[in-house]
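A.B. asks: I'd like to ask you about the structure that follows.
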Amino acid sequence: MPADPGAISDDHLGVAGRLLSVTLIANRDLILSAADVLNPHAVGDRIFGDVASELIASSGTRYQGVCIDTGSGTGFCAEHSAIAAMVTAGEYRIDKIVAVWRDEEGRLYVLPPCGRCREFIRQVSPANIDTTVVLDLDRSASLGELLPAHDWPLPLDLD
């Protein structure tokens, strides 16, 4: 019995509760690890490194990256940077990915991948459609759920 009668022990959580507890810990660890590489740096009116991403490849290896915001659309998102590090190491399958940003008051946010990043993740490997995307401490979704119309359309039968 827990010391605090109002507290819930693992024994009372059941399987679903223990899975949620593991998810919270795993998501929290990935989020905080990504936050460790946040390093905002202003260059003119642009900011580099204010969004960070961390992914876990299918091998279990973790890769990190930050965004680079440049003019004329030549910059890239933090997810692209982390994926580039993974591909440089010869890996292509992403098990889990997160992106984070910290505001001026120091509050940390999890950012969902933009549409360009969602498509980029999918194109690196077809198996990445099953990648887990962390959306919050206790919320994740598969890339397929975030990018539901990802298959090439079938030709129309106009006869």
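A.B. asks: Residues with beta-carbon under 14 Å from that of Ile83, excluding Ile83: net charge, scoring Lys, Arg +1 and Asp, Glu -1?
C.D. replies: +1
A.B. asks: Here's something else I'd like to know. Taking 0.36 nm per residue of sequence separation and subtracting the Cα-Cα distance, how much length would be gained by fully extending the chain between Arg62 and Asp157, in nm to one decimal?
C.D. replies: 29.6 nm
A.B. asks: I'd like the trypsin sites (Lys or Arg not before Pro) in the stretch 70-138 restricted to DSSP loop residues with at most 10 other Cβ atoms within 10 Å, sorted by number. It would help to have the intermediate numbers written out before the result.
C.D. replies: Values: sites: Arg93, Lys96, Arg102, Arg107, Arg116, Arg118, Arg122; in loops: Arg93, Arg107.
For trypsin sites (Lys or Arg not before Pro) across the stretch 70-138 that sit outside H, G, I, E and B with at most 10 neighbouring Cβ atoms in 10 Å, the list reads Arg107.
A.B. asks: For Ser33 and Ala127 in one chain, what is 0.36 nm times their gap in residues minus the Cα-Cα distance, to one decimal in nm?
C.D. replies: 31.4 nm is the gain from fully extending Ser33 to Ala127.
A.B. asks: Three principal axis extents, largest first, for the C-alpha atoms of the stretch 10-145, in Å?
C.D. replies: 55, 38, 25
A.B. asks: Starting from the Cα of Glu145, step 7 Å along the direction of its Cβ; do the same at Arg116; then give the gap between the two resulting points in nm.
C.D. replies: In this crude label model, Glu145 to Arg116 measures out at 2.6 nm.
A.B. asks: Counting other beta carbons within 10 Å of each Cβ, put Asp36, Asp45 in order, fewest first.
C.D. replies: Asp45, Asp36
A.B. asks: Determine the sum of side-chain charges near Pro148: Lys and Arg each +1, Asp and Glu each -1, restricted to other residues whose C-beta is under 15 angstrom from that of Pro148.
C.D. replies: Within the 15 Å Cβ shell, the charges total -2.
A.B. asks: Using the Karplus equation 6.51 cos²θ - 1.76 cosθ + 1.60 (θ = phi - 60°), what ³J(HN,Hα) coupling, rounded to whole Hz, does each residue of the stretch 42-51 give in order, writing x for Gly and Pro?
C.D. replies: For the stretch 42-51, the Karplus-derived couplings read 7, 10, x, 9, 10, 10, 9, x, 8, 10 Hz, x marking Gly and Pro.
Any read-out appearing in this document is the output of simple, stated calculations on the displayed coordinates, not a laboratory observation. These figures come from a predicted structure and were not determined experimentally. Positions of Cβ are generated from backbone atoms using ideal geometry, with glycine treated the same way; all protein chains shown enter the neighbour counts.
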